[in-house]
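Rule-based calculations on the coordinates, nothing more; no lab input. Predicted model only: the values in this text are computed from it and were never measured. Reconstructed Cβ throughout: ideal geometry from the backbone, glycine too, with neighbour counts over all protein chains shown.
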Amino acid sequence: MSGIECTSKVQIQVSANAKNAIHIYGDSKSSSIIIQTESIKKIFLECVKRGIKYKYITEITKDNIPYCKEVLKIIRPGELRHLDGVKGNFAVTESEYLATSTLYDAQPLQEVVYSNAKQVVQQNECLFETLWDKSITAEQRIKEIEEGLESDVIEIIRNSSRAKKLYLNLVNNAKKEVMIIFPTVNAFIRQDKMGIIKSLRKVSMESNVIIRIMMPIESFSQNGLDSMSYADHHQQKEIIDYDIRSIICPEGIDNIEIRNIDRMSEAKATILIVDRNQSFVMELKDDTKDTFDEAIGLSTYSNSISGVLSYVAIFESLWIETKLYEKLMVHDSMQKAFINIAAHELRTPAQAILGFSLLLKKHPEIKDKLVDGIYKNASRLQKLINNILDVTTIESQSLHLNKEKFDLNYAISDLVGEYRHQIKKANSRIELIYDNNSQIFVESDKERIIQVISNLLDNAIKFTKDGGEISISCEADIKDDFTKHVVVSVRDSGSGINSEIFPRLFTKFATKSYQGTGLGLFISKNIVEEHGGRIWAKNNEDGNKGSTVAFSLPLKINSPAEDQKYTVKNIVGS
Amino acid sequence: MESKKVLVVDDEPDLVFLCKMVLEDEGFTVDAYTDSLSAFSDYKPNNYDLLILDIKMPNMDGFELHRKVKELDNAVKVCFMTASEMYYETFREKEHSSLSKDLFIHKPIENEELVKKINKILDSK
């Protein structure tokens, strides 16, 4: 049949003749035509009103979702289903068959095929049922599209400028998370030059996207490209290994993390994963080239969930590995620092002891001086050995305290007496001030606490010049029943704490001095914390140079009456 | 024979004292400093046969002192005494790979051994 009048008439007729069901198979345009053509929409509404049950198969796409939702509403309780690649259109009722090939937006049909022959109707009904069984519900399909699970796309891109566009587009449209692996430093440089890093920073700042990057950082200084021009690109004089982190994430951006992978010699592709639902793998063709266009080979885009999640899994396991590796490297460099510092500190006194002992035979006239020297250096060795053993104990988490109740004030007075004697003996004019008479009982490991205070005093003496002064205070700090502490502080008038050392003052090997291992404060911190106390340091603010290092210990108080006794203030300094 | 003149610089007073005693016993004339800055400011060219420098020192380390002294006195022989492997390695690798290993004396060393080494360095060309 042909002719507009005729075709619309036959449509109306077929619908009107239907008694129970109308089955429609229509391409992706069909839903919009129904909704946008008032006359057709009316036919549907009337049929549903008459109790006709619709079964409708169409191809639901991103673009026709709104129309399909409308259709779904109109034909309820009839059903709408989705099938990929629907072509052509036909409708079947109990007694009639109607078909057309092409549909145009909101245009009446020009030509239709009509039949009421039983065999034709049955044949097409059978075809419809087969297609119906293959289709999925509209609800499921709409959900998939809306959640971005639209049918998997795996695309191979050969054109590098298209790859570049897609790459930037993917990064710029990231919503939650970006993961990138740069196979080489050159790849990173090329991609930074084309604006990838800028885009990453932008999405991380504006959309709070979390960004994780893995790349070989350590080989940065040995890259083949002209690193000077790259340095220029970032207005820096020179690009060195660790600047890479500051290039990618300058201060103030904390959701970009970069880790080093250095065993990437075999890797030849940049791997980008966006929001865990899209991946883009750019194969490296020639790493020596300056631009992305020249260096890149094939690229593969995928939004296949299983494919993308596999990349995510690979990324995550590498990510964990890099963390372990970084830890290992830190551990390794700590070991090296330890061996180096310990070696110097062991050899120096060993040299003195060895040499002095040999001199003793030849020079009995300076026996006393030599013996003193031997003793002094042997003590230095002993101290170092104890420190090394303490660090080992702390690191193997086997620092045990032998707690006892003792008067901290008395113990400090005793120690100060010893130190004054030593200072005098060394002909030094450092004044050691401690003025405290009240008893302060603590339940602690006396030997360990004395060790901590000795450490603080040794440091103070080491950095205080002749004529300077060191004052010790020991005060109870009682705020309420729950916060009772005694605070011991050692204040010196020395050179103050070096700002480079300050942030890692209480870590191992924190030393700038040419004598000492930098273990004392690390050990002290661990002893204090094992007691439930805290240790801290500051440079003195009040014009006087020097620093104060203090620590607290929890105070045991039994009765309120006793409290009074502990709150007596000490006179500090003079 | 005129006695050889040696300059010893080490920040450890005990080691300076030791080195001075040992070498004086062997007939050397020894000037000793525990501070590399004063050692340099007092330095007189063409005055010493050998400089014995510690490497790891505050203010100015042995490498720096060596470099500065060489500008004033290119002919003087220099050897190093070191207790620090790392310092020693860095120095040799980066700046002075041409220096013979024999010029580095590792602490601790026995007195006689020290004298032997120093004589050997003085005898070398």
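Summary table
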read-out	value
Selection from B:Y48, B:L99, B:I118, by position along the positive dipole direction of chain B (Cβ)	B:L99
For A:328-340, mean number of other protein chain Cβ atoms within 10 Å	1
For A:I470, residues with placed amide H under 5 Å, excluding near neighbours	A:E431, A:L432, A:I433
Over chain B, relative contact order from alpha-carbon pairs under 8 Å, at least 6 apart, %	22 percent
Extension gain (nm, one decimal) between A:Q123 and A:W536, 0.36 nm per residue minus Cα-Cα	139.8 nm
Per-residue mean of C-beta atoms belonging to partner chains within 10 Å, peptide B:101-114	3
Amide H within-cut-off set for A:D27, under 5 Å, with H built and near neighbours excluded	A:G88
FRET efficiency, 1/(1 + (r/R0)^6) with R0 30 Å, evaluated for A:E144 and A:V312 via beta carbons	0.95
Test item: A:355-364 mean partner chain Cβ contacts at 10 Å	4
Cα shape, the stretch A:308-443, gyration tensor, a/c 1.5 rule	oblate
Label-to-label distance, nm, for residues given as A:K268 and A:R201 (7 Å Cα→Cβ offset)	3.3 nm
Chain B shape via C-alpha gyration tensor axes, a/c threshold 1.5	rounded
³J(HN,Hα), Karplus 6.51/-1.76/1.60, whole Hz, each residue of the stretch A:278-290, x for Gly, Pro	9, 10, 9, 10, 10, 7, 8, 9, 8, 6, 8, 6, 7
Label-point separation, A:V330 to A:K545 (7 Å along Cα→Cβ), nm	3.4 nm
Shape call, the stretch B:1-57: gyration tensor on alpha carbons, a/c limit 1.5	oblate
Stretchable slack from A:I136 to A:D152, in nm (0.36 nm times residue separation minus alpha-carbon distance)	4.2 nm
Nonlocal amide H pairs with A:V486, under 5 Å, H built at 1.01 Å	A:D477, A:L553, A:L555
Relative contact order for the stretch A:394-501, counting Cα pairs under 8 Å that sit 6 or more residues apart, in percent	27 percent
Sites A:I478 and A:H400 - FRET efficiency at Förster radius 30 Å, r taken between beta-carbons, to 0.05	0.55
Distance (nanometres) between label positions extended 7 Å along Cα→Cβ at A:K73 and A:K41	0.9 nm
Filter on A:K383/B:K4; A:K55/A:K118; A:K202/A:K323; A:K367/A:K446; A:K361/B:K116; A:K336/A:K403 - keep pairs with C-alpha separation over 30 Å	A:K383/B:K4; A:K367/A:K446; A:K336/A:K403
³J(HN,Hα), Karplus 6.51/-1.76/1.60, whole Hz, each residue of the stretch A:114-128, x for Gly, Pro	10, 8, 10, 5, 3, 5, 4, 4, 5, 4, 6, 5, 4, 4, 4
Computed E for A:D368/B:L122 - FRET, C-beta separation, R0 35 angstrom, nearest 0.05	0.60
From phi via Karplus (6.51, -1.76, 1.60), per-residue ³J(HN,Hα) for the stretch A:34-43 in Hz, x at Gly/Pro	4, 6, 8, 9, 3, 5, 5, 4, 4, 4
Share antiparallel - DSSP beta bridges, the stretch A:7-139, percent rounded to 5	55 percent
Between the stretch B:1-56 and the stretch B:62-76, the alpha-carbon center distance in angstrom	14 Å
